[in-house]
1. Looking at (1) part of a loop (DSSP other than H, G, I, E, B); (2) of a type outside the set (S, T, N, Q); (3) modelled with pLDDT of 95 or more, find the lone condition where CYS41 falls short.
2. Within segment 28-41, work out how many residues are touching a strand residue (DSSP E or B) at 6+ places or on another chain (Cβ under 6 Å) and open to solvent by 30 Å² or more (accessible area, probe 1.4 Å).
3. In segment 60-113, which residue that is part of a helix (DSSP H, G or I) and among the hydrophobic types (A, V, I, L, M, F, W, C) is modelled with the highest pLDDT?
4. Is at least one residue of segment 54-63 open to solvent by less than 20 Å² (accessible area, probe 1.4 Å) and in contact with a Cys (Cβ under 7 Å, 6 or more places away or on another chain)?
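The values are calculated or read from the model by the stated rules, or taken from the named source; none is laboratory data. In this text, all values refer to a predicted model and were calculated from it rather than measured experimentally. Here the Cβ positions follow ideal geometry from the backbone for every residue, glycine too, while neighbour counts run over all protein chains shown. Side chains are part of the model used for accessible areas, which takes the heavy atoms of the whole protein and leaves out ligands, DNA and RNA. Shrake-Rupley method; radii C 1.70, N 1.55, O 1.52, S 1.80 Å.
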Amino acid sequence: HTNTGGVGKPRPCGYVFKRGDIAWNCRTCQTDPTCVICDTCFHNSNHDGHEVYFHRTTPGGCCDCGDAEAWKIEGCCPLHRPTDSQQSTESEDDPEEAVKMALRGQKEGLDTMQQQPTQLPAKLAAALGV
């Protein structure tokens, strides 16, 4: 699955899984159990000696190859592996922006908590027994 963004810089694969595709987990490379890579990226990367397993997918979810927040760089395939310059820019995020985003998230969370609960449709409520 090719995804270079058209400018030559590697970008995360992002392949969206279809029913029955093979998704690979590597406990050595993934940052959490939900992070997976597609079969193509797995076979083009090196996981020798790693704890790996695969499963068949349901529709949805995407390949995390090249996403430094989801997958260790050394476990990415060459096509999606971020370059050193991409990694350094990602790690130099603006701390003020992070604070703004956190405050916005807090405000949205408080707004949600103050809203009335949504009503379930009658048939759904009956099926759930609520």
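1. That leaves (1) as the condition not met.
2. Qualifying residue count, segment 28-41: 1.
3. Here the residue is ILE73.
4. yes
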